[in-house]
Every structure is written in C-alpha cells, then in structure tokens.
Protein chains: 2
Amino acid sequence: MESQDLRKAGLKVTLPRLKVLEILETADHRHLSAEDVYKAMLEMGEEIGLATVYRVLTQFEGAGLVSRLSIEGGHAVFELEDGSHHDHLLCVRCHRIEEFVDEVIEQRQQVIAAEKGFEMTDHSLYIYGVCKHCQKEK
Amino acid sequence: MESQDLRKAGLKVTLPRLKVLEILETADHRHLSAEDVYKAMLEMGEEIGLATVYRVLTQFEGAGLVSRLSIEGGHAVFELEDGSHHDHLLCVRCHRIEEFVDEVIEQRQQVIAAEKGFEMTDHSLYIYGVCKHCQKEK
DNA sequence: GTGTAAATGAGAAGGATTTTCATTTATATT
DNA sequence: AATATAAATGAAAATCCTTCTCATTTACAC
Ligand SMILES: [Zn+2]
Ligand SMILES: [Zn+2]
Ligand SMILES: [Zn+2]
Ligand SMILES: [Zn+2]
C-alpha cells in the first residue's frame, strides 16, 4: 500500500523510502528524529546513509506524508502525518512526547491573528513540563 | 543605571556588556539576533567578537535580563526581559515580530498540562502568518 | 599600584542538516 | 529481456549557528 503513496507523491519506489516508511509506522514511538530513524535502519540490518534519511524525510514532509516538529534547542523530530492537527507536550526530563488538541486554543489563535491584522498560516505550540512518570522519581 | 543590574547579576561591568545592553535598549526592533547585536556594535564603531556577543547574551539570559526566543528553523532571537510574559506572532514574509498576551490560552495550557499529568514548567507559542503590511504587497 | 579571578577575541570545534558529485537504481522504452 | 535516462543514493565535504579553547587583557578588591 505504501508504494502507492510514494508514486502519488511523484517519488520512485526505492528500498530506503519503503524502509523509512516502515520504521515510522512500526516504531515504539510516534515521534522520531532523523538519527532515530537512521539507527533503527541499521538495527534492521539495512544499509543507509544519514543524508538519505534526511532527504527522504524532507521529501515525505513535502509530500504531506510526514510532519516535522521543531523542538526548542534540539533537533527536528518527525511523525507520520495523520491528517489531524495536534500540538505537543514535552517532558523536559525523559523527553517523552504527548499530543493534544484544544479547540479553545485553536480558536483564540485565530482571533489574536485577526486582531493583529495577520493572515495566519500556521502555528507552533509546545508545552514543556515534567511528566507523570518523572514526577514519581525522587 | 545599567551598571547596577550587571553587578546584581554578579557580572563585572565591562564595555562589551554595557554596549550590548545599550543596543538592546535603543534598537529599532525589540527582537534581535546575536548577529544583529554584533552588526549594531560594529556600526557604532565598537570592536567586539561575535563569541562575546553570544556569551554576554547567554549570561544576560541567565541573569534574567534578557529572554531568548527559539524560532522555527532559524537562529535564536533575544529581547530585553520586561518581567511580563508574552507570546509572539511572526510574519513569514518580512519577519516582523509582534507580541501578544492571551489569558485564555495561558489558562487552557495549565488545564491541558494537568489533564495529562504534567507539571508545566514553560511553553512556547508562535503564530505564523502574513502581516498587514505584507498583505498589501500583492 | 598589585594581585587575582573574570572577561575578552580569534579561531577552532561542535552538532545538526544540507550539498556535492560520482555511482547505482528504478522505470519507461525498445 | 536489454537499454536508456532521469532520479536516487552514499560518503564526504560544506554550511549554519553556536559554543569552546586558550592566550591576553581587564575590572576591581586590597
Ligand atoms: Zn518524563
Ligand atoms: Zn505528534
Ligand atoms: Zn510582513
Ligand atoms: Zn517579545
């Protein structure tokens, strides 16, 4: 089924691309850095260059298959695009990432943009904190 | 008056530090990159190393004199700390930055964090769009 | 004035990502 | 199935922003 997605996006169906898709679909975590994908590939016994991982992820982003988070200070994180917008909560200790959608915030942003005379094209919202897990530890 | 702020922060009063403060206080824009500060220094005829600009801005951040924005993709931007939290709207064309405060959003973030069991420590919210100015230009 | 720790500047180093370019590969065409 | 061609790949170099190193200078307490 994935081959179709690649063809639709005007991308040739290659092993590296199929494998990157596979990793994004089957990884334990939904949010992966390029490095994470690269390491997962090597662990699967697939040879790939890190440059290719970056290239493929960027192409997938362009094709709407993947979206990219820009987390403060750190490196980019990628996730499979599921068509529904959501924002993120990040644990500053263990780097766990959780997702949320809040209609009140979404709408307030529209109002604020309108008040300032902006045509809003996008937004980026990250809530940082200490997750349930990490609160327990000490 | 600024010398006092530096001494309170445990920082020696040096010319580079005073000049960086001066630039932050008198620049046309409230939001400046390290590069912007560096160029402004050179234009003022002051010799300074870029490394010093970064160092000083980072120290000021630690001392609570300055805060740092982490804008998507780009480089860090610094602004004088005025004690009141605010978030930012960014024009994707001309890179103009505007500020806003919205209590509804602030509170919803607290609620969301609580729902997910997070102890919220911080957040980062940027609204991207096309500003009033840039909308006029075709 | 002297001493000492802190601050500076220049350049090297760093980390994440992108680019370059020679080689390989997918796919369209015989 | 063989061939042609445009796209994709890997490795290394390059890039961008930022931090670090270290020899020299400076601020400030005595
Ligand atoms: Zn955690
Ligand atoms: Zn997500
Ligand atoms: Zn604009
Ligand atoms: Zn601001």
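Values computed for the structure shown
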{"item": "Answer residue from segment B:63-75, given it is more than 16 Å from ligand 2 (Cβ to nearest atom) and over 13 Å from the mean Cα position of the chain (by Cα) and is farthest from the other protein chains (Cβ to nearest Cβ) among those", "result": "B:ALA63"}
{"item": "Qualifying residue in segment A:117-133 (condition: more than 7 Å from chain B (Cβ to nearest Cβ) and in contact (Cβ under 8 Å) with a residue 24 or more places away in the chain)", "result": "yes"}
{"item": "Candidates B:PHE60, B:PHE78, filtered to the one that is away from ligand 4 (no atom under 13 Å from the Cβ), away from chain A (no Cβ under 14 Å), touching a residue at least 40 places away in the same chain (Cβ under 8 Å) and not in a loop (DSSP other than H, G, I, E, B)", "result": "B:PHE60"}
{"item": "Checking A:HIS123 against (1) more than 13 Å from B:HIS88 (Cα to Cα); (2) outside any loop (DSSP other than H, G, I, E, B), the condition it does not meet", "result": "(1)"}
{"item": "Residue among B:GLN59, B:GLN135, B:GLN109 that is crowded, with 17+ Cβ neighbours inside 10 Å, over 28 Å from B:LEU6 (Cα atoms) and of a type outside the set (Asp, Glu)", "result": "B:GLN109"}
{"item": "Condition met for B:SER33 (outside the structural domain of B:LYS132 (by TED's automatic domain parsing), closer than 22 Å to A:LYS116 by Cα and not basic (Lys, Arg))", "result": "no"}
{"item": "Filter pass, A:ARG108 being within 12 Å of another protein chain (Cβ to nearest Cβ), basic (Lys, Arg), within 16 Å of ligand 1 (Cβ to nearest atom) and not in a strand (DSSP E or B)", "result": "no"}
{"item": "Some residue of segment B:37-45 being touching a residue at least 24 places away in the same chain (Cβ under 8 Å), away from DNA strand D (no atom under 12 Å from the Cβ), over 30 Å from A:SER70 (Cβ atoms) and exposed (fewer than 15 other Cβ atoms within 10 Å of the Cβ)", "result": "yes"}
{"item": "The lone exception for A:ILE48 - which of (1) part of a helix (DSSP H, G or I); (2) surrounded by 15 or more Cβ atoms within 10 Å (Cβ to Cβ); (3) of a type in the set (Val, Ile, Thr) it fails", "result": "(1)"}
{"item": "Matching entry among B:ASP87, B:ASP102 (being of a type in the set (Asp, Glu), away from DNA strand D (no atom under 16 Å from the Cβ) and crowded, with 19+ Cβ neighbours inside 10 Å)", "result": "B:ASP87"}
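The values are calculated or read from the model by the stated rules, or taken from the named source; none is laboratory data. Bear in mind the structure is a predicted one, so any value in this text is a computation, not a measurement. Because the Cβ atoms are built from the backbone with ideal geometry, glycine has one as well, and the counts that use them run over all protein chains shown.
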